Amino acid sequence: MTMRGFAVPATPVHFVLLVLLLLSSSPSFAKRKDDQVVMKNGDKLTGEIKGLQYGELIFKSDYMEDSVHLDWKEVESLRSQDVYIVALSNGQRLTGLIDKMMTPDNHGQEFKILAEGSTIDVAAPDVIAIQQREGSFWNQLTGSISYGFGYASDNNATNSSLGADVAFRTAKNTVQLATSSQFSSQTNAQNTNRYTFDSYYARMLNNKWSAIGLFTLLKSNQQNLKLRSTYGGGVGRKLLQTDKTSVMAIGGAAYSHENYVPQPGTEPIHNNAEAIAGITFSTFRFKTLNLNSQTFAFPSISDPGRLRLSSQSNLRIELIRNFYWNFQLYENYDTRPPVNAPKNDLGLTTSLGWTF
């Protein structure tokens, strides 16, 4: 694909962006507008409960231009006739009608979930997330798009970064797709580019354990890597789960297929059996700051002594509703590359983004 003389390589990011564009044109699923929320100060709201995340209940009435974020601790009661997916601090995810009210002794609040003909009572502070269960697959998706660009006049250097991600969640299953593209050029120097595609699937086995599947692609000029594809699977265990912070450890095994730039005296194609040890971390602070980080180690089984490390961290600072400033730090390290190539691929990007 070309644009006014500039080559634009086809990458996984274009596929995800195409999906996002198609989703934005999909018709919305009609939700009820008669949900009721009562605050502890006596304010009563009628409209649509959008969800609960990071300790804030997201609510929208017809007379509101934008959704409002309400402190979950200040919500006296709520009631809805729509079905929601509710996440609890013990790791459970339940689907059903929701109802929050004061206990008879007024010493606390209880949260009721009407699921599969039975009522489940939990303490309101144990509810850490509420997600709408949409009537169509497309409306159940969440995601973001971001783009960054930089220019330096002294050496005519330019750099750009483009990223997109999309996720689908149900009471038991989670599917996440993410892709990124970085490109840089400058006078009297070779252009460099880097493309990634990451897919992740998790199915809850119980409150703490999940079955995990991974598939990733990486192309990096920095490491003379034309393409590395990694297929892996294993189990994950939640180490910490609160309304603002989540930590999970992952272990398993993987197979990787590597295609390097050909060099004299070396074999460009390599296949590896590897173990997987990783940890994911996410936290939300100060109402506008969101940090997500993941680090994976791939010790080789078929090539003992070789170890690959893959790490990525994203710091998002909300500017206005749904728009944010993103800082991304990534690193891919190989203790023993099979060809003559740098061991490390490290970078930092900044971009503006939009979530949906």
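The values are calculated or read from the model by the stated rules, or taken from the named source; none is laboratory data. Since the structure is predicted, the reported quantities are computational estimates derived from the model, not experimental observations. Note that we place each Cβ from the backbone using ideal geometry, even for glycine, and neighbour counts take in every protein chain shown.
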Inspect the range 126-146 for any residue being modelled with pLDDT of 85 or more and over 25 Å from residue 168 (Cα atoms) and give the result as yes or no. no
Looking at (1) farther than 24 Å from residue 179 by Cα; (2) assigned to a strand (DSSP E or B); (3) among the polar types (S, T, N, Q), find the lone condition where residue 302 falls short. (2)
As an exercise: evaluate residue 336 against (1) in contact (Cβ under 8 Å) with a residue 24 or more places away in the chain; (2) out of contact with any Pro (no Cβ under 8 Å at 6 or more places or on another chain); (3) part of a strand (DSSP E or B) and give the number of the one condition it does not meet. (3)
One residue is enough: does the range 26-37 have a residue meeting the conditions within 19 Å of residue 168 (Cα to Cα), modelled with pLDDT under 90 and part of a strand (DSSP E or B)? no
Report yes if some residue within the range 279-286 is surrounded by 14 or more Cβ atoms within 10 Å (Cβ to Cβ) and among the charged types (D, E, K, R); otherwise report no. no
Per-region count, the range 147-191, residues aromatic (Phe, Trp, Tyr) and in contact with a helix residue (DSSP H, G or I) (Cβ under 7 Å, 6 or more places away or on another chain): 1
Single residue of the range 156-196 satisfying the filter (touching a residue at least 60 places away in the same chain (Cβ under 8 Å) and either among the basic types (Lys, Arg) or out of contact with any strand residue (DSSP E or B) (no Cβ under 9 Å at 6 or more places or on another chain) (or both)) that is farthest from residue 132 (Cα to Cα): 194
Any chance residue 210 is out of contact with any Cys (no Cβ under 6 Å at 6 or more places or on another chain), buried (at least 20 other Cβ atoms within 10 Å of the Cβ), of a type in the set (Gly, Ala, Ser) and at pLDDT below 95: no
